[in-house]
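Working notes for the structure below.
The values are calculated or read from the model by the stated rules, or taken from the named source; none is laboratory data. For clarity, every value in this text was computed on a predicted model and none was experimentally measured. Methodologically, a virtual Cβ is constructed for each residue, glycine included, from the backbone with ideal geometry; neighbour enumeration extends over all protein chains shown. Quick note on the areas: whole protein, heavy atoms, side chains included, nothing else; ligands and nucleic acids left out. Shrake-Rupley method; radii C 1.70, N 1.55, O 1.52, S 1.80 Å.
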Protein chains: 2
Amino acid sequence: MNGLSIETVLLQIFVLFLFAKVAGMVCERLKVPSVIGEIFAGIIIANTILFQWLSLDVDLGLFEVLAELGVIFLLFAVGLETPFSELRKVGGTAMKVAVLGVVLPFLAGFAMFMAIDNNLNEALFIGAAMVATSVGITARVISDMNLTRTLESRIIVGAAVIDDVLGMIVLAIVMGVAMGSEGGILDIILVSAEAVLFVLMVIFLGSILLPKLRRRYAEQRGPSSPLQCGERKRMALSPLPFAIVVCLGLAVLATVAGLAAIIGAFLAGMVFAEFKDKWPCEEDFHPINQFLVPFFFLYVGMLVDVSSFGAIIVIAIILTLLAIVTKWFGCGLGSLSMGRSSANIVGVGMVPRGEVGIIIANIGLSYAFITEGLFSVVVFMSMATTIIAPPLLTWAFRRKMDLDGVCGMPEPSSAENE
Amino acid sequence: MNGLSIETVLLQIFVLFLFAKVAGMVCERLKVPSVIGEIFAGIIIANTILFQWLSLDVDLGLFEVLAELGVIFLLFAVGLETPFSELRKVGGTAMKVAVLGVVLPFLAGFAMFMAIDNNLNEALFIGAAMVATSVGITARVISDMNLTRTLESRIIVGAAVIDDVLGMIVLAIVMGVAMGSEGGILDIILVSAEAVLFVLMVIFLGSILLPKLRRRYAEQRGPSSPLQCGERKRMALSPLPFAIVVCLGLAVLATVAGLAAIIGAFLAGMVFAEFKDKWPCEEDFHPINQFLVPFFFLYVGMLVDVSSFGAIIVIAIILTLLAIVTKWFGCGLGSLSMGRSSANIVGVGMVPRGEVGIIIANIGLSYAFITEGLFSVVVFMSMATTIIAPPLLTWAFRRKMDLDGVCGMPEPSSAENE
């Protein structure tokens, strides 16, 4: 590790993890998602004397790897909550909400940066970073407010899940265009087609064909009796190593296909979501992610250069406003059939970008398609939309109650028992 | 990472993990502990074209860090199974078995290498590597044979647990002597005393004083009623991040005190073992270790240089025979009061060194107290004692049954249901 002793590396890991967890806990007390605290911890460490004191200036390579492992397992876990079979059930409204909530923010981000810099790849990545909705943060806010059973919440979560898949397809296309843009228009089409084909093929094979084959196989065998358990147990593998192998394997395959590793990891999670009953691995991934994921957000924070913030703060605020307005308007438009106050709730609920926007910007940065300054802009936008979403959502739900006189919403104080 | 792209690193991690798991599974099928397979996977990778093909020759630093994290969390998990309060209950026989099983192998290893090389530090580390008994492997063999409820098994597991603590103290002293041996005899005494003091102080504070204070506090509060739960829940932290922080913190503290990081991690595990009811974290560490620990054994395997084996094979075989005979004789002597055939079982059951001997040799190698050749010798000894233990233990139990005519031992075929 460039001459850093293992003791120094251990000290770095300890201090970084401690900082991230303390900052995350402080944020949770303040009712802000802990992700925000972990990014802040990274920003503080990178922009103070701590960075030199911990010898982090010597070699960040290790933390890049820990961060990459963290984000790969995180996207696998997100994929685990996105079974394709459920996707088909969410219905027309959620689909409309998701598509409009993807198209409008993408066009806004793309247009804004084509106007400023006239740089195709840059504008594509900013547009892609505007697309995603963080299922995790949205669902968390709703469950904190004890509102999971309302129609609006179901539409929001359904649309956010579709958003994840659409976000991965947009990312695949954007990477295809950016990679192929050195050649001609034919190159772009070929590489993008290859990318989309990869995504669709994995979904078809893993989430449609395999589960179908399995059901047919199960029907042929007939209902399994408890007596056969002994025989089966011998064949059963622990699902975790198997899941890790498939997750890492598809991530590597995705990079070979010119896509981001996280796309492969996300698709691997989607495939395992179809086999939850046979190979449950959600609970096993949770502790691994509790250890590794903070390193991703720390790393993101450490890449933010505070001293350059003066120059980009105006662009960051404009992009943030665009991100809020286009998502709110697009998703509201998609759900207008539910009434204006409900559409308002859905629009506001889809605003938080959370980690997904940052992840996409990080890929753009690592391939040098966007600059460090623009990366900081996207981090600002993602953090701002995430911080603003909980109070906005509370306001939107209250407003609907005042207007409609709907009762039955529990007191917010009881939400803590969730 | 010395110019290796993140895609290459991801490919390395994927291939290494896949190899380790497949080799581990093959070993489990052959009724050999999976640890052996993981080490073999490392040996194969390091000594074939795979090493260059995966660019592992460019930078092994990352895998050193993953291996160190793996072994730290592994020793924490071993500590979790070693509550100090249980240690006091194991009784005189187990204590005698443990002490004699530590002293004889240490003296044998020490004497052999003082005779060969007349190098104090080298002889100390080899002696220390001879000491440990792998609780994990012994317990696994016994439970695979469905014999956990026999008196012999309880003595073996009790003595193996004490062995772990004694092994850590021996390692602390050996490191103290090796570190201080550049100064005079006073230095050696001071540094060793500091090392032992660190171990005893953590045990006293964490495993004796804290649990006592907690019991007194609980008595003052009186029995907790379910009504107070809401209030308590708000204070409760997720135990895993807290456990990781304490584990890494004590590991760092141990390195600051001139000890091995794993000693701190082991002690942290012992402390958490006293608070299992309040902060259960065993199940959370299991998945983390399933991912990280294979990298330690892979790394161990990768450090073994097969081409040098011709020169050291005789020494390796002699050391292995010494390791088996001294452990068997020492532990048998300690349990002779149980009768000769039972003492035979206990002696054989304590033979497997498993990972602990390797871990100690690895520390000796990283501080350059022992050579790479000697490290390979210790790996050979640890693997050989581990492979030989299960069939020997089966033979010893069968022998006792034939001699005593004791019934009630279940058929080995039903052991698979365990």
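Residues of segment A:173-220 being out of contact with any Leu (no Cβ under 7 Å at 6 or more places or on another chain), of a type in the set (S, T, N, Q) and within 25 Å of A:S366 (Cβ to Cβ), which ones?
A:S192 - this is the single residue of segment A:173-220 that is out of contact with any Leu (no Cβ under 7 Å at 6 or more places or on another chain), of a type in the set (S, T, N, Q) and within 25 Å of A:S366 (Cβ to Cβ).
Going through B:I49, B:I39 one at a time, which residue ends up being surrounded by 23 or more Cβ atoms within 10 Å (Cβ to Cβ) and either under 19 Å from B:V306 (Cβ atoms) or not polar (S, T, N, Q) (or both)?
When all the criteria are applied, what remains is B:I39.
Regarding segment B:293-301, can at least one residue be identified that is open to solvent by 10 Å² or more (accessible area, probe 1.4 Å) and in contact (Cβ under 8 Å) with a residue 40 or more places away in the chain?
Scanning segment B:293-301, I find at least one residue that is open to solvent by 10 Å² or more (accessible area, probe 1.4 Å) and in contact (Cβ under 8 Å) with a residue 40 or more places away in the chain, so the answer is yes.
Where residues in segment B:1-39 are over 26 Å from A:V71 (Cβ atoms) and assigned to a loop (DSSP other than H, G, I, E, B), which of them is farthest from the other protein chains (Cβ to nearest Cβ)?
Result: B:V32.
Can you tell me how many residues in segment B:206-222 are free of Cβ contacts under 8 Å to residues at least 40 places away in the same chain and either outside any helix (DSSP H, G or I) or open to solvent by less than 100 Å² (accessible area, probe 1.4 Å) (or both)?
4
Under 6 Å between Cβ atoms, which residue pairs at least 6 apart in sequence (or on different chains) link something in segment B:374-391 that is touching a residue at least 40 places away in the same chain (Cβ under 8 Å) with a partner that is surrounded by fewer than 24 Cβ atoms within 10 Å (Cβ to Cβ) and polar (S, T, N, Q)?
Within 6 Å, the pairs are B:M381/B:T320; B:A384/B:T320.
Take the residues of segment A:326-339 that are under 26 Å from A:F110 (Cβ atoms) and touching a residue at least 24 places away in the same chain (Cβ under 8 Å): which is nearest to the chain's Cα centre (by Cα)?
A:K327
Name every residue in segment A:246-255 that is more than 8 Å from chain B (Cβ to nearest Cβ) and either at pLDDT below 85 or open to solvent by 10 Å² or more (accessible area, probe 1.4 Å) (or both), in order of residue number.
A:V246, A:L250, A:L253
Only one of (1) assigned to a helix (DSSP H, G or I); (2) within 14 Å of chain B (Cβ to nearest Cβ); (3) open to solvent by 40 Å² or more (accessible area, probe 1.4 Å) is not met by A:I44, so which one is it?
Result: A:I44 fails condition (2) only.
Which one is surrounded by the most Cβ atoms within 10 Å (Cβ to Cβ), of the residues in segment A:67-119 that are farther than 18 Å from A:S337 by Cβ and hydroxyl-bearing (S, T, Y)?
A:T82
How about segment B:373-402: which of its residues are aromatic (F, W, Y) and open to solvent by less than 20 Å² (accessible area, probe 1.4 Å)?
Residues satisfying the conditions are B:F375, B:F397.
Has segment B:92-101 got at least one residue that is free of Cβ contacts under 8 Å to residues at least 60 places away in the same chain and assigned to a helix (DSSP H, G or I)?
yes
Residues B:F63, B:F73, B:F40, B:F84: which one is more than 27 Å from B:A160 (Cα to Cα) and aromatic (F, W, Y)? Break it down stepwise before answering.
Numbers: B:F73 fails: more than 27 Å from B:A160 (Cα to Cα); B:F40 fails: more than 27 Å from B:A160 (Cα to Cα); B:F84 fails: more than 27 Å from B:A160 (Cα to Cα).
Only one candidate qualifies: B:F63.
May I ask you to list pairs of residues, at least six apart or on different chains, whose Cβ atoms are under 7 Å apart, with the first in segment A:180-195 being open to solvent by less than 50 Å² (accessible area, probe 1.4 Å) and the second being at pLDDT below 70?
Listed by first residue and then by second, the contacts come to A:I188/A:S181.
Report yes if some residue within segment A:45-64 is of a type in the set (S, T, Y) and over 16 Å from A:R154 (Cα atoms); otherwise report no.
Among the residues of segment A:45-64, at least one is of a type in the set (S, T, Y) and over 16 Å from A:R154 (Cα atoms), which makes the answer yes.
For the list (1) open to solvent by 10 Å² or more (accessible area, probe 1.4 Å); (2) on the phi < 0 side of the Ramachandran plot; (3) not aromatic (F, W, Y), I need the number of the one condition that A:G339 fails.
Every condition holds for A:G339 apart from (2).
Find the helices (runs of 4 or more DSSP H) located wholly in segment B:267-382 whose residues include 2 or more that are hydroxyl-bearing (S, T, Y) and either out of contact with any Lys or Arg (no Cβ under 9 Å at 6 or more places or on another chain) or away from every other protein chain (no Cβ under 14 Å) (or both), and list them. Quick ask: steps written out before the conclusion?
Numbers: elements: B:282-303, B:309-334, B:340-349, B:354-366.
Because the criterion is at least 2 residues that are hydroxyl-bearing (S, T, Y) and either out of contact with any Lys or Arg (no Cβ under 9 Å at 6 or more places or on another chain) or away from every other protein chain (no Cβ under 14 Å) (or both), the helices (runs of 4 or more DSSP H) in segment B:267-382 that meet it are B:309-334, B:340-349.
Specify which of the listed residues (A:M145, A:M179, A:M130, A:M201) is over 27 Å from A:D277 (Cβ atoms) and modelled with pLDDT of 80 or more.
From the options A:M145, A:M179, A:M130, A:M201, the qualifying one is A:M130.
Against the condition within 27 Å of B:L11 (Cβ to Cβ), among the hydroxyl-bearing types (S, T, Y) and either more than 14 Å from every other protein chain (Cβ to nearest Cβ) or not in a helix (DSSP H, G or I) (or both), how does A:T82 come out, does it pass?
yes
Determine, yes or no, whether B:L62 is within 14 Å of chain A (Cβ to nearest Cβ), open to solvent by less than 20 Å² (accessible area, probe 1.4 Å) and modelled with pLDDT of 90 or more.
In short, no.
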